[in-house]
Amino acid sequence: MIEYPKDTISRQYPLVVIGIAIMGVLLTLTVYLWYLQVFHGEEYFQMAASNRLRLVRKPAPRGLIFDRSGTILADNRPGFDVEVVPEDVGNMALMEQRLGKILLIGPDKVRERMKSRRSYAYLPITVESDVNMETVLAVEERQQLLPGVHIGVYPRRRYIYGGIAAHLVGSIGMISKDELEDLRIQGYVQQDLVGKTGVEKSYERFLSGESGVDAIQVDGRGYLDKALYRNEPRPGNNVFLTIDLELQRACEAALAGQTGAVVALDPRNGEILAMASSPTYDPGVFVPPVDGEMVRALMSDENHPLMNRAIQGVYPPGSTFKPIISLAALEKGAITGRTTFECPGYFMLGRHLYHCWYAKGHKRVDLPDGLMFSCNVFFYNVGLRTGRDDIAGMACEFGMDELSGIDLPGERAGVVPTERWRKENGITSWSPGDTVVMAIGQGYLLLTPLRSALIMAAVANGGKLFQPHVVRQVVSPLGDPLYILQPRLVKQIEMEERNLALVREGLRRVVNSRYGTGQKCKLEKVEIAGKTGTVQVGSEDNRKNHAWFVGYAPYGNPQIALVVLLEGKESGGFFAAPAAKDIFATYFKVKK
Amino acid sequence: MFDLSPMRHISWGIVACAAAIIVVSLFFIYSGSQGLGEEVVIRYVERQVIWGVIGIMIAAFLALIDYRKLASSAFLIYSAFLVLLVIVLVVSDLRRGAGRWLSVGGFTIQPSEFAKIALILALAKYLSREDLPRNSPAYMVGALLIAAIPMVLILKQPDLGTALALVPVVFAMLIVARASWAHLLYIFTVVTLSLPLGWSFLKPYQQTRIKVFLNPQLDPLRAGYNAIQSLIAVGSGGILGRGWLQGTQTQLRFLPERHTDFIFCVVAEETGFAGCIILIALYATIIFIGLRIAEQARDEFGRLTALGITVLLTSHVVINIGMTIGLLPITGLPLPLMSYGGSSLVSVCICLGILESICARRFVF
């Protein structure tokens, strides 16, 4: 056994301390490495992956939109963008000079756009969108002189008929922040285009298709290392509308130069055959790249061309309400087919005097003649006998205060002054005079032209309220049907057939009798039933008239219900009825 | 010329571990310099092989000669390197910029790499003097002067990392030389208190590095970029790594300084936690053998020199790995025996040669 001097042992002591300290430090490093690599390894692995991967989206061509017979209303054309990959350019100043000259924007603008639109290296920067063929050729011809500059081809939405059925087809635009919030989960990203209005919006999920992606691997400076995989975009599905382009055109023509709306639908199933709103606009204006000036002009136009009056405009029904009050009175037993009232041309209620529109009076009038003449005095009496609540009740039966559930965005509901509505809107007093006014479709009553058409369809088809729709079917790009809209009966309104028959007889006379207010809609070959209406809106000093015609045909076997509304026109019989006649004539392919 | 008899006592453990690390380093210099062009990759590996051979030859030479000959010329070597450090400062001033290197006949050398060894030799020599009482203030002041002069010159280059790596070396040598604890405590307090003052002496880029170390997200694309990318590289290695030449952070050049200061990241990414453990174990073996050599050294000079060298290696390893995994601020400090670069490799070989010389003569009286 070796004996160490005491001094030696005390000399080892500091070395041991240092050795323990070093061991502690190395152990700390090891434990921390374990923490990073083993405990958090997966997270760092993901970070490394997102470091090196870049996904280049390739937009999918949107599905096409057809009318019911297969005529294309909206498709895609190739759009040409001038793009620059800065890494491939070489002499930047020279490129800016040359490209600025071709694009007629000057080198400064080129530089500015490249700077502001830059995202990642290698990815092309769009300097100018949707250039014309001349520019495309100019760039292609100078390929040798313009390294790094190329033409990108992307599908661009085209609305072939412009303003025809614009409100129905709708338009697309850049996804907004709020929309992105909702759609992110479905894979949408910034800069994506989405349907903003019309069928483009309501059938977005069918039309959009799936954008493709080029996955590339980049290095630390962002340059392309290699392409990893490529998913081709999947084009959107095609949508067939229920509308008929020829009828739609007739409707647009009937409205040309005027403000108003037309709705034509099939009373047998709720298919919209045509729907027009005037003034109209060209949805192509909203397809990027947009001209801000034109969009602003459309937005601020006081005639509101962007509004679809057929589903978003609410108007008092006026005399077109008379079929409903008639049915309410008949169903509640307030009158019968033999009930008559004397019309001297005016009506006294207490000390108030209410006029008939025909000052000389219609003499003794029964229900069908009341409708034919559109005799106000007859309906004043009917209204008072039936009472406010039963009239409102029948209006509600026809869904006047509800949404129809049409497959278009932005629909508005009408107004019926029910007890609940009056409570919600703070209307506490109600005089018999209010009932009188309501009896001729004025006062608080409001509805959309679409609702008006649904009511006419229900009168024609025996009380069936269908959910209207503008899309007939959706088919895949290869033609396989994906989604077929079946007629959906919302409600069967229970009414006695003979009561309906009385009202229909009245409506037949409106058009076909020589005393009827709707004679201007009479066709030789097809028997049309209908009702005219003229309503006053606005205050005393700013009074405005709207002209209505509602109707269906043929009388015995209804195939089309039609509503024409013209804003600012004096008389339904004189303005709306002839417009409706042209549309009926087109539908039945007979001479006007 | 040489007395070969002590050679049977050299530590083969150090030789084996050091050789293993150098061989491994060639693979990761190869991997880390991918993408710089095949010629460059080959040139880097070739040069490192040449430096390695030169280093081993120098180490063998140093192991053969008696380290006590170094003791007698310690102050001469020390003074020579002080002059070199001053020349570096003057030259870099003329170049109007930072510079740690001197150009000599086509080679660039970093005198600070060697000045560290000169400092250890001189300090060991001073501390082992018998003529001064250990607890006298004069003894301590002398030691501090010897340590401080080269450290300040290195700091001026500016090379904060190397200067800081010397702090634990000096402290360890003072402790083992049995300097008065009161003095040590006093120095420690003064140094700690003057740290905030030192902040204002730092160059702006050094301040940024420390700020970014405290919060890398401060500037993730520029100043914090290296810290974040090296952390991702290390973390993504997982347990077994992505495989040699397969690390995306390395191969796609997200990592900075892959073949030099950040070579540990390449090892960590491509061989994972397993590879890191093995590498750290190799260093730990050298370090603990070094401490053992210090313990068994025949005289005070040998003991202090062995200790100084061991602690110097340790602090390089710890600071380098610490910075790549985000535990310490980023300072440009090479990983001993691993990082590409002749000065670093040769200087570490010199250290190990001296260590072996001390080891071999531990039984010679």
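Any read-out appearing in this document is the output of simple, stated calculations on the displayed coordinates, not a laboratory observation. Bear in mind the structure is a predicted one, so any value in this text is a computation, not a measurement. Virtual Cβ from ideal backbone geometry, glycine too; neighbours counted across all protein chains shown.
In this Cβ point-charge picture (+1 for Lys and Arg, -1 for Asp and Glu), the protein assembly as shown has a dipole of about 580 debye about its Cα centre. Here, P(r) means the percent of Cα pairs in each 5 Å bin from 0 to the largest distance; for region A:519-558 it is 6, 19, 21, 16, 10, 11, 7, 6, 3, 0. Of the trypsin sites (Lys or Arg not before Pro) found in region A:482-537, those that fall in a DSSP loop while having at most 15 other beta-carbon atoms within 10 Å are A:Arg488, A:Arg514, A:Lys525.
Considering the protein assembly as shown at the alpha-carbon level, its Rg and Dmax are found to be 46.6, 149 Å.
Here the dipole of region A:245-588 is about 1160 debye; that uses its Cα centre as origin and unit charges on the Cβ of Lys and Arg (positive) and Asp and Glu (negative). Can you tell me the 0 to 90 degree angle between the C-alpha axis of helix A:497-512 and the longest principal axis of chain A, rounded to 10? Tilt of helix A:497-512: around 80 degrees.
Against chain B, whose longest principal axis comes from its Cα atoms, helix B:181-201 is set at around 40 degrees. Bridging of B:Lys125 to lysines at a Cα separation below 28 Å is possible for A:Lys6, B:Lys69, B:Lys116, B:Lys156, once same-chain residues fewer than 8 apart are set aside. What lysines could a cross-link reach from A:Lys201, if we take a straight Cα to Cα line under 26 Å and drop same-chain neighbours fewer than 8 places away? Partners found: A:Lys58, A:Lys177. Note on A:Thr242, A:Thr336, B:Thr192, B:Thr314: ascending count of other Cβ atoms within 10 Å places them as B:Thr192, A:Thr336, A:Thr242, B:Thr314, the fewest first.
Remark: mean inter-chain Cβ contacts per residue of A:42-51 equal 6, using a 10 Å Cβ-Cβ cutoff to other protein chain atoms.
For chain A, the 222 nm mean residue ellipticity estimated from helices alone, with every DSSP H stretch of n ≥ 4 adding -39500 (n - 2.57) and the total spread over all residues, rounds to -10500 deg cm²/dmol. Taking amide hydrogens as placed 1.01 Å from N in the peptide plane, the amide H of A:Ile172 sits under 5 Å from those of A:Lys196, each at least 5 positions away in sequence or on another chain.
Annotation: the residues A:Asp88, A:Asp67, B:Asp131, sorted from fewest to most other C-beta atoms within 10 Å of their own C-beta, follow the order B:Asp131, A:Asp88, A:Asp67. Going down the table (A:Lys491/A:Lys569; A:Lys360/A:Lys531; A:Lys322/A:Lys363; A:Lys363/A:Lys591; A:Lys115/B:Lys203), which pairs top 27 Å between alpha carbons? Those over the limit are A:Lys491/A:Lys569; A:Lys363/A:Lys591; A:Lys115/B:Lys203. Highest mean packing comes first when the peptides A:324-331, A:230-237, B:235-242 are listed by Cβ atoms within 10 Å, giving A:324-331, B:235-242, A:230-237. Here the 3J(HN,Hα) profile of region A:568-582, calculated from phi with Karplus coefficients 6.51, -1.76 and 1.60 at θ = phi - 60°, is x, 9, 5, 9, x, x, 8, 10, 6, 4, x, 4, 5, 4, 4 Hz, Gly and Pro shown as x.
For region B:242-360, a simple Cβ point-charge model (Lys and Arg +1, Asp and Glu -1, everything else neutral) yields a dipole of about 140 debye relative to the Cα centre. The phi torsions of region A:246-263, fed into the Karplus equation with coefficients 6.51, -1.76 and 1.60 and a -60° offset, translate into couplings of 5, 5, 4, 5, 4, 5, 4, 5, 5, 9, 3, x, 10, 9, x, 8, 10, 10 Hz, rounded to whole numbers, with Gly and Pro shown as x. Computed from backbone phi, the HN-Hα couplings of region B:135-149 come to 9, 7, x, 4, 4, 5, 4, x, 4, 5, 5, 4, 6, 6, 4 Hz, rounded to whole numbers (Karplus: 6.51 cos²θ - 1.76 cosθ + 1.60, θ = phi - 60°; Gly and Pro given as x). Of all stretches in chain A that contain no chymotrypsin sites (Phe, Trp or Tyr not before Pro) in a DSSP loop with at most 16 other Cβ atoms within 10 Å, the longest one is A:224-356. Computed per residue of chain B from DSSP H runs no shorter than four, each worth -39500 (n - 2.57), the mean residue ellipticity at 222 nm is -23500 deg cm²/dmol.
Among B:His9, A:His304, a tally of other beta-carbon atoms within 10 Å of each Cβ gives an order, fewest to most, of B:His9, A:His304.
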